[in-house]
1. Set Lys and Arg Cβ to +1 and Asp and Glu Cβ to -1, take the dipole of the chain about its Cα centre, and tell me which of Ser313, Leu146, Leu116 lies farthest positive.
2. Below 8 Å, C-alpha to C-alpha, sequence gap of six or more: please give me the relative contact order for the chain in percent.
3. Report, in whole Å, the centroid distance computed from the Cα atoms of region 29-50 and region 190-232.
4. Kindly provide the helix-only [θ] at 222 nm of the chain, computed as the sum of -39,500 (n - 2.57) over DSSP H runs of four or more divided by all residues, to the nearest 500 deg cm²/dmol?
5. Going by alpha carbons, how many degrees (0 to 90, nearest 10) lie between the helix axis of 228-243 and the longest principal axis of the chain?
6. Note down the relative contact order for region 40-195 as a percent, whole number, built from C-alpha pairs under 8 angstrom at least six residues apart.
7. Between Val410 and Ser425, what is 0.36 nm times their sequence separation minus the Cα-Cα distance? Round to one decimal in nm.
8. So, in nm, how far is label Gln176 from label Val441 when the simple model puts each one 7 Å beyond its Cα toward the Cβ?
Amino acid sequence: MTQKSEEIKTLKRWRVVLSQVLACLALDFLLIGLGMSISFVTMVLPEVLDAKEGLSINKKQASWFGSMAFLCQPLGSIFSGPLLDYFGRRKALFLVNIPHLIAWLLMYYAWNVPSLFVGNALLGIGIGIMEAPSVTYVGEVTDPSLRGCLTTLTNGFTSAGMFVAYLLGTVLPWRQAALVSLTVPLATMALVLLVPETPIWLLSKGRQKEALRSLCRLRGWAKPEEVKKEFEQLLQYNEMIKQCVICVKEGNNESIACRSRWVMAYFLFHTLSGLHPVRPNMVNFCKALGMKYDSKTVVVLVGAVFIVMNLVSAVIVKTTGKRKLVIGSLLATAFCSLSISLYASNNTPSGVFSYEPSTFPEPKETLPVFLFMALVCFTSLGIPWILLSEVFPFRSRGTATGLAAALNYVIVFAATKTNYNLEASFHISGAFAIYAILTFVGTVYLYFFLPETENKTLAEIVGVL
């Protein structure tokens, strides 16, 4: 092959990458907003817990406030599937921002405790509605060689949203931070107007010419003859899914419930691995461990570490594959939770309770900072949402993804709500010992049952799982 032809091939490849990155831009902003919504309560909670001025909540209310968004997320997730299938991926990416527009305004104007709770509940509903469009869109517009990297990279934008929320909480009062957050859904809605619909959805509606134009745009503004082979494969895939809602290969009668079993198991063990249960109360949790540095600074660092490690996972997933990344990160997380349990058992007084500021020890210890940041590092390498974007066939993908997301948020709600009870009954050391044991069990389970999906087309994944 001549040097000129090599240059042309390289140029076309860069155009393919650029076209798909730009297509995911609106989704990336959506995920920044999602990350901000998930993490905003972390910065509000320490400001309103037993506050002497303005809105104030007690520790019982705090445990509900911290988990309220997760309790309401399943409601949004249930509606996200039908919304996704009826309006299409592109319009869904636009519409899902509306609950957050209302929620941020309500959080800014919150005049009493019930209005504060309603605002947080709307954030949760909005997060739930966002999940199916966000995990589905990127999976359907990317080609197999880029899907692993770009889907994993979406975690980085969610983490960027978390970081922004933590940073806003340190430099602005929480009401002003809520008002600034309003700009993200507005920007997302503007960017959605510039992205294409996914080819497979257009084909499912019988709009072949539009599907071909969309595929050409997503493959580097290619000519129709240059994407002929891939388009024919999509046509074939579309015909097969018309014949069976769930299966692609003849004789594959695995149900959606069976297909999603190992994904939901991963969600369960990933959520219970230690970080997620304490996240709403993370500022106070850092104080309870006696961390030497300012707890809000530590939380901002957590957001930064999430971004870095998500980028790392996006880079290494191509080499390691998703299976090794999942199992390795989960095992390391189990050891981190065990280390925090042992530290708390030997160094944190039994009377310390992270929901009771009056019990916090003097902030002078450096070791718990390193242990906690290690937990953050390995937790952020996890990719449960990425797996969820791949496992369902097209015709059931929207509804199945929404239901799976709803079940996940039930798990997250249970984890965050029961953290209060576990810590009250067994101290920080006992709670993290439980998290460590569950995570070790999850690692063993996934080692035996989790298949590899990296470098496979969506049709291949659905056919072989």
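1. Leu146
2. Averaging sequence separation for qualifying contacts and normalising by length gives 25 percent for the chain.
3. Here the answer is 36 Å between Cα centres.
4. Helix-only estimate at 222 nm: -26000 deg cm²/dmol.
5. The helix 228-243 is inclined about 70 degrees to the chain.
6. Reported as a whole number, the value is 32 percent.
7. 3.2 nm
8. With each label point 7 Å from Cα toward Cβ, the separation is 4.7 nm.
The values are calculated or read from the model by the stated rules, or taken from the named source; none is laboratory data. Everything numeric in this text was worked out from a predicted model, so none of it was measured. All Cβ positions, even for glycine, are placed from backbone atoms using ideal geometry, and neighbour counts span all protein chains on display. Side chains are part of the model used for accessible areas, which takes the heavy atoms of the whole protein and leaves out ligands, DNA and RNA. Shrake-Rupley method; radii C 1.70, N 1.55, O 1.52, S 1.80 Å.
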